[in-house]
Amino acid sequence: MTKMMKTSRLYSAPDAPTGICPGCGYGIIKHILANVMEELQIDDRAIGVLGIGCSGFVSRNFDIDWLQAQHGRAPASATGIKRLLPDKVVFTFQGDGDLAAIGTAEIIHAAARNEKMTVLFVNNGIYGMTGGQMAPTTLENQVTVTSPFGRDPNTAGMPIKITEMISVLPIAYAARGAIFNPKEIRITEGYVKKAFEKQLNGEGFSMVEILSPCPTNWHMTPVSSMERIENEVVSYYPLGEMVTGKEGV
Ligand SMILES: Cc1ncc(C[n+]2csc(CCOP(=O)(O)OP(=O)(O)O)c2C)c(N)n1
Ligand SMILES: [Mg+2]
C-alpha cells in the first residue's frame, strides 16, 4: 500500500465533509497529491486551480491556496498566476469534462506554450458532478444518461486521448496512471512527483492523467469500478509515461 502520510495540510479541517461519493477515486488522488507535497515540501508555496466538477471538492479539507476557475479555464488562470508569481508551485486539478470538453482549447494552448505549470487530469470517463452525462472520454458503447444505448462513434466520435495529443507538443512531462490497485497508486504517485519536479526545475509544462472510478454514475460497486478500469479502460487508455523531458531529471 502506498504510504499515506496524512499531512497537516490535508487534515487541517478533519470534520469537513469530503463531498465525494463512497468509492470515488478523488479521495485516493487527494492523498497522492498530499504525499507528493509533503515529500517535495511545496505545500507552503503551492497554488491549486480547480476545475468545475467533483475536482472542486478537493479544496474542502486541503489547506493550501486555491482558486476556482470557470469551467475548463483552469490552465488559463494558472498561466496568469505562474507568470505573475514564478516562485509559486502552480497546478490545476481538473476532471475530464472540464479539461477535455469545454476546456480543450485552454489545455492545448497552455501545453503549446510550455507553461511552467503542472496539470492533474482526473479521467473518470463521465461528467460526475452533474449526474453522469457522456464526456469526451466516455468509452465506445458506454451507457450514460445522454447515451442510453451506449456511446455510438458514428454520432459521438471516439473518446479523445488528450494526453497523447499534447505529447506531440514541446512539453516537459506527460504520463497516464491509474489507481485500481496499490501498485498503480504507487506508480501514479511517482508520476505526480516527477511532474512537480519538472516544474521545480523550470522545465515547463507537465501533466499526469489519472484513470479514476465513478461508481455512482457508472452504476457499479466501488470494487467492480476498479476492476472495470483494469479490465476495460486501460486497453483504450494505456498507462505509462509519454514525455519525460530531459534525461536524468
Ligand atoms: C460554463 C458551464 N457549463 C456547464 C456547467 C455545468 N457543469 C458543472 S460540472 C460539469 C461536468 C464536470 O465533469 P468533469 O469535469 O468530468 O468532472 P467530474 O465531476 O466527473 O469529476 C458541468 C458540465 C458549468 N458549471 N459551467
Ligand atoms: Mg469526469
Protection proxy (average C-beta count within 10 Å per residue), highest first, orders 123-136, 64-77 as 123-136, 64-77
Semi-axis lengths (Å, descending) of the ellipsoid that matches the C-alpha gyration tensor of the chain: 26, 21, 17
Filter the GluC sites (Glu not before Pro) in the stretch 99-150 down to the DSSP loop ones having no more than 14 other Cβ atoms within 10 Å, then list what survives. Glu140
Order these peptides, 183-192, 156-165, 235-244, by their mean beta-carbon neighbour count within 10 angstrom, highest first. 183-192, 156-165, 235-244
Accessible area per residue of the stretch 21-247 at 1.4 Å probe, in Å²? 40 Å²
For a test of the definition: using alpha carbon positions, the gyration tensor, and the 1.5 limit on a/c, classify the stretch 11-92 as rounded, prolate or oblate. oblate
Using a Förster distance of 22 angstrom, determine the FRET efficiency expected from the C-beta separation of Gln41 and Arg83, and round it to 0.05. 0.40
Cα-based Rg and Dmax for the stretch 48-153, where Dmax is the largest Cα-Cα distance (Å): 14.7, 49
Let me make sure I get this right: for the stretch 129-168, a, b and c are the square roots of the gyration tensor eigenvalues over alpha carbons, sorted descending. Under 1.5 in a/c it's rounded, otherwise prolate if a/b > b/c, else oblate. Which is it? oblate
In whole percent, the Cα-Cα distances of the stretch 131-249 spread across 5 Å bins from 0 upward as 2, 11, 19, 19, 18, 13, 10, 5, 2, 0
Please compute the length gained on full extension between Phe149 and Asp15, using 0.36 nm multiplied by the number of residues separating them and subtracting their Cα-Cα distance. 44.1 nm
Counting alpha carbon pairs within less than 8 Å and at least 6 residues apart, what relative contact order, in whole percent, applies to the chain? 19 percent
Nothing charged except the Cβ atoms of Lys and Arg (+1) and of Asp and Glu (-1): what's the magnitude of the dipole of the chain about its Cα centre? Round to the nearest 20 debye. 320 debye
Leaving out same-chain residues fewer than 8 places away, which aspartates and glutamates sit with a Cα under 19 Å from that of Lys183? Glu39, Glu209, Glu227, Glu230, Glu232, Glu241
Go through Lys193/Lys246; Lys161/Lys193; Lys194/Lys246 and tell me which ones have a Cα-Cα distance over 18 Å in this structure. Lys161/Lys193
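The values are calculated or read from the model by the stated rules, or taken from the named source; none is laboratory data. Keep in mind that what you see is a predicted model, and the values were worked out from it rather than measured. Reconstructed Cβ throughout: ideal geometry from the backbone, glycine too, with neighbour counts over all protein chains shown. These accessible areas exclude ligands, DNA and RNA; they are computed on the full protein's heavy atoms, side chains included. Shrake-Rupley method; radii C 1.70, N 1.55, O 1.52, S 1.80 Å.
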